[in-house]
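The structure under discussion appears below in the form of structure tokens.
The values are calculated or read from the model by the stated rules, or taken from the named source; none is laboratory data. None of these values were measured; they are calculated from a predicted model. Cβ placement follows ideal geometry from the backbone for every residue including glycine, while neighbour counts extend to all protein chains displayed. What goes into the accessible areas is simple: the full protein's heavy atoms, side chains included, and nothing from ligands, DNA or RNA. Shrake-Rupley method; radii C 1.70, N 1.55, O 1.52, S 1.80 Å.
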Amino acid sequence: MSSTVTSPALADQNVETRPSIRVYNTLSKTKEPFSPLRPPRVGMYLCGPTVYAESHIGHMVGPVIFDTIKRYLTYCGYDVTFVVNITDVDDKLINKSKERGIPMSQIATEMTADYLANLKELGVNQINHLPRATDHMNQIIAFIGSLEEKGFAYAIDGDVFFDVTKDAGYGQLSNRTVESQQGEGGGAAAKKRNPGDFALWKSARPGEPAWESPWGNGRPGWHIECSAMSHEILGETFDIHGGGLDLMFPHHENERAQSTCCHDAPMVKYWMHNGLMRAGEKGKIGGKSDRENAAAESAESVEEAASGKISRSKGAGGLAELIRTQTGERIRFFLLRTHYRSTIVYNEETLAEAGTSLEAFYRYFDRFAEITGQSFYSLETPQLRSESDFDPGKDPLLNAINSIRTKFLDAMDDDFNTGLAISVLFDSLRTLNRFIDSEKLAPGTDTDSDSVQRLVTATTVIAELSRVLGLFIKPPIAAGGDDSAAELLDGVVNLLIDLRKEARERKDYATGDAIRDRLSELGVALLDKKEGTSWERSS
């Protein structure tokens, strides 16, 4: 995942022509008009994982949400730089290193690879930078040094702490007073001036990973890592900082304090917090009280509840196993069905409902292909919102689809309400299916007929909108949880490989190429080698 270059098409757009997007800012507790600091550029930072264990579905909530937000902002004409950090030095990693008897760096490498593989399966591909804390030690140490020099931090016996009483705005994000704060306990507590002070640098313990610093060998505290990395990539003040409600305090409160005091400028314009995931009874849970209760729970209890019920009960495969049985698209769809600030309730029934809902879309895509001879997935759609307006004239179908498009965009403009946007897409399914029935369209219908062409135009609009959510971009891979399904898939593909081989031996290259191309469309890549042909699932 690499950084992007500003498109001339984006840079040349008049800011006044962009839509009126509203964003809920946790700091102000209100929805505010979205007005980036340096339009059309937008800087967005999301707190990523501490890579000490395999990912579970709870780790995917933030990435899927903010991947979708970037997609929508890009569609609306913004040039977004999206950063997700990797915490690869932490007490949990050190403990896991001791438990497994291998270096901390090896665990971090393994678990980062697992995390990235899961992101790919869920279609999270909009990240520009994935900075690792251990690659930014010089910036972290310089940041701490600046805070100490300006009187916001103090060193004692190789440890460095941030003095929360020196920040007049401390507690504004989480709505807490300095007097109510509680910092780290243990041996560090006796060194601190105030109970709420937190560690910027921790002195090295015997046998633990350590880096040289002006205060002696040690390692950074958790909060300072994000402040240093976001500053390095996005600057002193950037547009959006995202993360789960459980991170609002102490992590984001401390990030904000460090960065604001160091640079004498706000760290972030819009703080956006997504609701947490719970493993619980069937049904949607939302509203203010639920979000507050979720935020009050510890991150460990939320994550362990989710991982134990959702992925680790399936065995050692973690999220990768859940993806294999359910598919990445189904999980992404499931996560986007709820407004991002609400709690997501996970159980087998709610995930099954998401799968059933997706099947309705897949059935329509098959129906569309049979009538038009075109694949839904190959429809060419506008990349920018400003290029996608069309005049429906007096056509009833196109007017209905244009109304659906307006409702979809209104939902996304209103604090990225993906739940409502998906509901609108279901309305489009009903509209399109009714049109097919009323026009008596069926396989064999003249594809050049006016009715079919109107159907293609209307369906193209739906493809455009769904791609903004990162959905229905490529043909689905069937969920295949059990070994027999995997064996069946392998057998079918190998049968087609044999048929392709026979066709090529007969010099029937057209048939051979058709088999290869059709398999490619279905997500299967053939690998021709000297010893024969094998296959793998393509991205």
Got a number for carbon plus sulfur as a percent of the chain's accessible area, 1.4 Å probe?
-> 49
Using 0.36 nm per residue, how much length does the chain from Asp517 to Thr177 gain when fully extended, once their Cα-Cα distance is taken away?
-> 116.1 nm
So how far apart, in nm, are the two label points at Ser146 and Glu353 if each is 7 Å from Cα heading toward Cβ?
-> 4.8
Gain on full stretching of the segment that runs from Thr406 to Thr381 - 0.36 nm per residue minus C-alpha separation = 7.4 nm
Nearest 20 debye, what's the magnitude of the dipole of the chain about its Cα centre given +1 on Lys and Arg Cβ and -1 on Asp and Glu Cβ?
-> 380
With each label point set 7 Å from Cα along the Cα-Cβ vector, what nm distance links Ala168 and Asp427?
-> 4.8
With R₀ set to 22 angstrom, the calculated FRET efficiency between the beta-carbons of Asp498 and Asp528, to the nearest 0.05, is 0.95
Please give the residues of region 354-383, grouped as numeric ranges, whose backbone N is less than 18 Å from a label point set 7 Å along the Cα-to-Cβ vector of Gln453.
-> 371-374, 380
Most to least accessible of Trp201, Trp215 (protein chains only, probe 1.4 Å) = Trp215, Trp201
For the residue pair Ala189 and Ser35, what label-to-label distance in nm results when each label sits 7 Å from Cα along the Cα-to-beta-carbon direction?
-> 4.6
per DSSP, antiparallel bridges as share of beta bridges in the chain, % nearest 5, sits at 50
Solvent-accessible heavy-atom area per residue, rounded to whole Å², over the chain at 1.4 Å | 44
Mean Cβ count within 10 Å, highest first, over the residues of peptides 230-238, 380-388, 20-28 | 230-238, 20-28, 380-388
Using just the helices of the chain, give the 222 nm mean residue ellipticity in deg cm²/dmol: DSSP H runs with n ≥ 4 each add -39,500 (n - 2.57), and the total is spread over all residues, rounded to 500.
-> -14500 deg cm²/dmol
Region 125-242: C-alpha gyration tensor shape, a/c 1.5 cut-off, then a/b vs b/c | oblate
Looking at the square roots a ≥ b ≥ c of the eigenvalues of the Cα gyration tensor of region 22-178, which shape do they give, rounded for a/c under 1.5, prolate if a/b is larger than b/c, or oblate?
-> oblate
Can you pull the accessible area of Met412 for me, 1.4 Å probe, Å² to the nearest 10?
-> 0
Set Lys29/Lys150; Lys70/Lys96; Lys120/Lys529; Lys96/Lys202 screened for pairs whose C-alpha atoms are more than 23 Å apart = Lys29/Lys150; Lys70/Lys96; Lys120/Lys529
Which shape class applies to the chain: rounded if a/c is under 1.5, otherwise prolate when a/b exceeds b/c and oblate if not, where a ≥ b ≥ c are the square roots of the Cα gyration tensor eigenvalues?
-> prolate
Ignoring everything but the protein chains, give the 1.4 Å probe accessible area of Arg504 in square angstrom, nearest 10.
-> 100
